[in-house]
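K.L.:
Take this structure first; my questions come after.
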Amino acid sequence: MNVVENIKTIRLEKGISQKVLADSLGVDISAISNVENGKRELKVSELAIIANCLGVDVIDLFTYPKKYIPYDSKNEEIETIVQFKLRREQRDKVMDMLFKSHEFEFIEQNSVNTVPH
């Protein structure tokens, strides 16, 4: 994908209209339509404004759907939230398979319980 396709995809996924993007750039909505249809090129100075409006980093406009992670941060811990819908009798077995001897959290009905495993 190219940058313009990435911008359009991110915009649609986040439910952001062309008008909102146009307003953030201070241009008419037709300018955004022209960008997305390949009839107008983006200025470099517009990329930061677009990224901010879409709630992403500028680099994400180039790498989407992949997320850029700086090389130094690859060894840092990353918090990941995974949600499963299981019957109670399946829950313990699945957690055993996934987490072995790690500690994890159950989130149930607005409460957080840390369960050592």
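K.L.:
Those residues that are surrounded by 16 or more Cβ atoms within 10 Å (Cβ to Cβ) and either of a type in the set (A, V, I, L, M) or farther than 20 Å from Thr63 by Cβ (or both), I need them from the stretch 4-13; list them, please. Full working, then the answer.
P.N.:
Step one: list which residues in the stretch 4-13 are surrounded by 16 or more Cβ atoms within 10 Å (Cβ to Cβ), which gives 4, 6-8, 10-11.
Across the stretch 4-13, the qualifying residues are Val4, Ile7, Ile10.
K.L.:
Turning to a different aspect of this structure: Assess whether Lys85 counts as being modelled with pLDDT of 75 or more and surrounded by fewer than 10 Cβ atoms within 10 Å (Cβ to Cβ).
P.N.:
Values: modelled with pLDDT of 75 or more: yes; surrounded by fewer than 10 Cβ atoms within 10 Å (Cβ to Cβ): yes.
Against the criterion (modelled with pLDDT of 75 or more and surrounded by fewer than 10 Cβ atoms within 10 Å (Cβ to Cβ)), Lys85 qualifies.
K.L.:
Give me the residue from the stretch 31-52 that is of a type in the set (Gly, Ala, Ser) and in contact (Cβ under 8 Å) with a residue 12 or more places away in the chain and, out of that set, surrounded by the fewest Cβ atoms within 10 Å (Cβ to Cβ).
P.N.:
At the first step, the residues of the stretch 31-52 found to be of a type in the set (Gly, Ala, Ser) are 31, 33, 38, 45, 48, 51.
Keeping just the survivors that are in contact (Cβ under 8 Å) with a residue 12 or more places away in the chain gives 33, 38.
Working: Ser33: 13, Gly38: 10.
Top of the filtered list is Gly38.
K.L.:
Which one of these does Ser24 not meet: (1) part of a helix (DSSP H, G or I); (2) in contact with a Leu (Cβ under 8 Å, 6 or more places away or on another chain); (3) closer than 20 Å to Ile59 by Cβ?
P.N.:
Result: Ser24 passes all but (2).
K.L.:
Looking at this structure, is Ile16 part of a loop (DSSP other than H, G, I, E, B), under 22 Å from the mean Cα position of the chain (by Cα) and surrounded by 13 or more Cβ atoms within 10 Å (Cβ to Cβ)? Before the answer, list the steps.
P.N.:
Numbers: part of a loop (DSSP other than H, G, I, E, B): yes; under 22 Å from the mean Cα position of the chain (by Cα): yes; surrounded by 13 or more Cβ atoms within 10 Å (Cβ to Cβ): yes.
When the stated conditions are applied, Ile16 passes them.
K.L.:
Please go through (1) closer than 14 Å to Asn6 by Cβ; (2) at pLDDT below 90 for Val56 and return the number of the only condition it doesn't satisfy.
P.N.:
(2)
The values are calculated or read from the model by the stated rules, or taken from the named source; none is laboratory data. This structure is a prediction, so every number in the text was calculated from the model and none was measured. When we count neighbours, we look across all protein chains shown, and the Cβ atoms used for this are built from the backbone with ideal geometry, even at glycine.
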